[in-house]
Amino acid sequence: MSLDLIKKYWDEANVLTADLQPDNQFSTPELVIYLNGHLPLPHEDVTKTKVNYLRDLGILKPKEYGGEIRTSWRYTVDDARRALAVELLKTEAGLSIKEIKGWLLSFFEQERHDKVSVKQTPYASIQELHTSPPPTSVNLVYALLRNRALGALITTLGFGEADTIPPGCLIGIRRVDHGTVNSQFGILTWNQANTLLGTGTWFLAASDSSFKLYVYADLPKLQNKQPELTKSLPQNDWFFVTLQDDTDQLYEVILCLPNIQQRSLKAINKSLIQLIRDNLSIKLSNFPGLSTLLRVSFVNRPYINEGTTLSVLAEIIATASDAWDYCYILVPEFPNEGEEKWLRILEYSSEFPPQLKSKRIEIGQPLSGWCYHFRQSVVVEPTAENDPRITFYEEEGHPVAAAAMPAIAENQRVVGVIYIAKHGQTGSRHSVFSTELLASLKAFSYICGDMIARDQIEIETVRSLSRLSTRPLLTHFSSLETLLQKVSDVVQKGVSPESVAVSWVYLLTLNIQTTSKDTISQWLCKQGTDMTSNFLANRLWDPPHRDPLPIGRCKLSADQYVFAILQAVELPEVQYINRITHLQQEMKLIRIGKLSPAFYHSAITFRYEDLRQQLENDGMTAIVAHLIDRARESLIAGPYLKRGQEALFKSDLDNAISEFEDALRYVPNSWYVQKHLAEARMLQGTEGAIEQAIEKCQDALKLNPDYASAHCLLADCYSYQGRFGEALIEYERTLRLDNTRYDFLTRYGLALAGMSRSEYQGALNFMQLQEPDLARQRAYLEQPWLEAIDKFDRVRSLSTTNDTLEEQRARRANYYYYRGYAYLQANLIDKAVEEFAVGRKLAPDNLQLMQAYSHALSLRRRKESE
C-alpha cells in the first residue's frame, strides 16, 4: 500500500461528492442514505452502526448539537468524503478499518508537510483528531445513565401523575453529606437558583420542545446550547428539594418548570408545593429502582477505561450491588431471515467466568441455566442442590442466586437479555434480591435495550423507567369484594360522553391446576400470575400503548385468582378475548421438565353502558354482588370451558359436550356455559342435536335476555332448520344488542344469502306479525342477497386499525368471498366470478376462495354453452 493509492481513492471520493455544497450538513440517517446512493456498485450497505463506529474512531468529526456528551450529530461535506474513502479502501483495497485509519493519518500528515493549503484540501489538519477526541464509550454510557436517571426523576416528582418529561424544564442534582445540606430548601427565585447552581458540582439536564432531555456539564454550557430556554429561566418557577435513600445518601435537586399549561407540569408543580409546605424530603424507598439508578449515575464509578458501551454497562451493573458477582448481556442470532434461534454472549463484566465466554444457547432451552424463555424474566434465590431451574452445564458451576431480565427497546421490543449471578455463599437462605434491586434491574434492561437498538435519546425509555419508579402496575386486594368494589367505583366515576358507546369493563379469572405443591411448582405458578398481570397491563394492544393499564389482583386461594383492569377501556370485546387466547398460548411455555401447571384463564366482559345502567337502577351493592357471582362462576367453570373449547377447535364434539355438561353440574345457572353447550350440539348437525341446541340457547336467554351471542346462535339454529322468520327476529335482536361484531354480521349475511326470495318475504311477514316493533326499525331491501351484501359491507366498514396488515388483507379477501357467495346464491354468476377473482388476488393461497372461484367459472361456462 502506498500514499499514492490512498490519494487515488481520496480523489475518487471527491469526484463522487461533487454534487455537494460546502455548507451541506447531514444527520446520521441522512448521511447513511447519501453514502449508499453515491458508492459505486457493488458495495456493502453503509449503516448507522458503521457511521457511529467511524465517529468513535475519530475518522469522522461531526458537529455537536444538543447535549454536551450524549448528543445529536451533524455531519459535514468533509465527513461524507472521508466515509466514502473508507468504504472504497475497504471494498477495493481490502483494508481493515484500523489499517485505513492509520493510512489516512499518514496521508493527511503528508499533505500537511507538503503545505497543501486547507482551502485546496477539504479536510482540516489531522491534528484535529487529537486535540478534540470524540466521546468515549465510558462517558457515553454515563451520559445515557444520567439522562435516563434524571428523566425518571423529573416524572417521579409528579408522584404518578406526570407521564412525560415537560418541555422547557431544567433539572440539577448533586450528592451531599448530612452536614452540608443546604438550608434554602423550598421555592427559589432565579437569582437564588443561579447562585446555587454556581456553587459546587452539579449535573444538569434540560428538555427541549421535542421532549428530549440533554445532559450538560455546567450552566454556562447549557445556556450556550439552548438559548431559547436561557431567555425564559428568570420567569420560570424554581424549586429546591432533597432526596434520601435507605443508606442515608442525600441528594440536592433544583428543578425549573416553565409557566405553561401541561398535564405533567401541573402534576409536578402541585406535588412539589405540597412537599415544601410540609417541609419534607423525598424518600427514594417509595420509588423502587430509582435509588440504585441515581447511585450508579452520580455516586459510584468503577474504574473502566476501555471497552464497548455495552461492556461498560455490564461492568456498571455488576458493581451496582453486592447481591451479584458478575453480569453479561446476550443478543439473539438469526440463522434464517426473521427466525430467532440462538442467544450468544455479546458483552460481560470483568468477573465473568472465562470458560463461558463463547457459549451459545438455543432459544426456548434453559438460557445458560436459569432462564427458561427468551422473553420472560426469572429470579432464582438461594435454593437446594439440584434445583431443576438451575440446569447448568458442568463447567458453569452452581450459583446460589441469579436473575435474567429481557433488554427492552422502544415499543417494548425484546432485543437481548441481561444476566447477573451470585457465586459466593450468602451465609443464609434468605432473599438476595430486594424490591429495590429487582426494580433497578428492570431499569437497566431499558437502558441496555436502548443501547442495543442504537436509538437516539427518546422520551419512551424515560416513560418506561418512570412507570417502574412511580406507578405500580399492580394493586393487590385482600378480598374479592374490595377488588370488585373498586371496579364498581370505576363505573360510577364515568367516562367521557364520546367514549360511552365504545368502552368496556374487563375482568379475568385464573384457575391453576397442578399435580404437585413442591417449591418449584409454586414458583412456576407465581410466574404465571405475574405474567398475567403484566400482560393485562401492557400487551392487550399490539403494538402496546404508551402507558400501562392499572391492574387489580385478588388471590382467593393458592390456585384461584381474579384480575381486573381498573379503568374502562376502549378495546373491542373480540380483541380482548383474542389477546387472552394469545396469553394462554404463551403460558403453555411456563414449564420445567415434567412440572407443568395448567393455567385456565376466563375472560369476563361487560359493556360499560350496561354496568352504568345497572348501577343507576339497582345501586352499588347489587352491582358488586353481580360481579362477585360472575367471577366465582368463571373460576369454577373455567377449566371445563377451556378444555371444552379446545375440543371444539379440534372438532372433538363428544369431549366438548362432556366438558360443558360437567361445567353445568357446578354452575347450572351459567348462560355462558349453556351457550357453549348449545354450540357443540349444533355442530353435531343432526335434527335431534339442533333441537337440543335450541333448547340450551333458550335456557341461556332466560338467564340473560341480553346475551347477544346466544341470540345469534339461536338464529343460526333456526336458519339451519329453515325457520327463517324466527331466525330473522333473533338476528335483529342480536344486532340491536351488539352491531360491532364481525361474526354476528357475517353469520346474518350468510343466512340471508341462503334464502330464496319467497323465503325471505315470508320471513319478513312473520317478523311483522310477531315483532312489529322490531320490523319497523328500518326498511328492508327487496332481495335477500342485497340484504346479505349490506351486512358484508357493514363488516368491512368496521374499524380494523388494530389489525396487522396481513389480518386486514385476509379480512378483505373474506369480504369478497362473502359477496361472491351472495351473488352466486342469487344466480348472478358473472358478478360472483368478479368478486371471487378480486378475493383470489388478495389471498391466492385461500383454498375456500380457490374452490369458489373454480365453481363459479364452471357454472359460467355451462351457462354459456347452454
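The values are calculated or read from the model by the stated rules, or taken from the named source; none is laboratory data. Keep in mind that what you see is a predicted model, and the values were worked out from it rather than measured. Cβ coordinates were reconstructed from backbone atoms using ideal geometry, including for glycine residues, and neighbour counts include every protein chain displayed. The protein model used for the area step is the full one, side chains on, heavy atoms only, and it has no ligands, DNA or RNA in it. Shrake-Rupley method; radii C 1.70, N 1.55, O 1.52, S 1.80 Å.
Before moving on, here are some points about what is shown:
- Partner lysines whose Cα lies under 17 Å from the Cα of K8, excluding those fewer than 8 positions away in the same chain, are identified as K90, K101.
- Classified by the C-alpha gyration tensor, the stretch 196-252 has a prolate form. Its axis ratio a/c, with a ≥ b ≥ c, is 1.5 or above, and a/b is larger than b/c.
- Legend: residues E687, E87, E436, sorted from most to least accessible area (1.4 Å probe; ligands, DNA and RNA excluded), read E687, E436, E87.
- Accessible area per residue in Å² at 1.4 Å probe, computed on the stretch 581-717: 46 Å²
- Along each principal axis, taking the top coordinate minus the bottom one, the Cα set of the stretch 198-301 gives 39, 33, 26 Å in descending order.
- Inter-probe distance in nm under a simple model that places probes 7 Å from Cα toward Cβ, at D662 and I577: 2.2 nm
- Positive contributions from Lys and Arg (+1) and negative ones from Asp and Glu (-1), summed over other residues with Cβ under 13 Å from the Cβ of L728, come out at -1.
- Structure note, pairs K50/K422; K63/K231; K357/K555; K266/K486; K841/K863; K266/K555: Cα-Cα distances above 32 angstrom occur for K50/K422; K357/K555; K266/K555.
- Extending 7 Å from Cα along the Cβ direction at D322 and again at S496 yields two label points whose distance is 5.3 nm.
- In order along the stretch 266-276, the phi-based Karplus estimate (6.51 cos²θ - 1.76 cosθ + 1.60, θ = phi - 60°) of 3J(HN,Hα) comes to 5, 5, 5, 4, 4, 5, 5, 4, 5, 4, 5 Hz; Gly and Pro are listed as x.
- Summing Lys and Arg as +1 and Asp and Glu as -1 over all other residues whose Cβ lies under 15 Å from the Cβ of V495 gives a net charge of -3.
- Extent of the stretch 570-699 along its three principal axes (Cα atoms, max minus min coordinate, largest first): 46, 45, 27 Å.
- Cβ-derived FRET efficiency at R0 25 Å, R344 paired with E92, nearest 0.05: 0.20
- FRET efficiency, 1/(1 + (r/R0)^6) with R0 56 Å, evaluated for D246 and Q614 via beta carbons: 0.75
- Computed across the stretch 479-543, the Kirkwood hydrodynamic radius from all distinct Cα-Cα pairs reaches 14.9 Å.
- Theoretical gain in end-to-end length, L57 to Q777 [0.36 nm per residue, Cα-Cα removed]: 251.7 nm
- The stretch 133-261 - percent of accessible surface contributed by carbon and sulfur, probe 1.4 Å: 50 percent
- Averaged per residue, the stretch 824-866 has 67 square angstrom of accessible surface, using a 1.4 angstrom probe with ligands and nucleic acids left out.
- For the stretch 575-730, carbon and sulfur atoms together expose 47% of the accessible surface, with a 1.4 angstrom probe and every protein chain in place.
- Cα-based shape type of the stretch 777-866, given that a ≥ b ≥ c are square roots of the gyration tensor eigenvalues and the cut on a/c is 1.5: oblate
- Gyration tensor (alpha-carbon) shape descriptor, the stretch 770-829, a/c threshold 1.5: oblate
- Accessible area (Å², per residue) of the stretch 148-238, counting only protein heavy atoms and a probe of 1.4 Å: 42 Å²
- Take the Cβ atoms of R860 and L566, set R0 to 56 Å, and the FRET efficiency comes out at 0.45.
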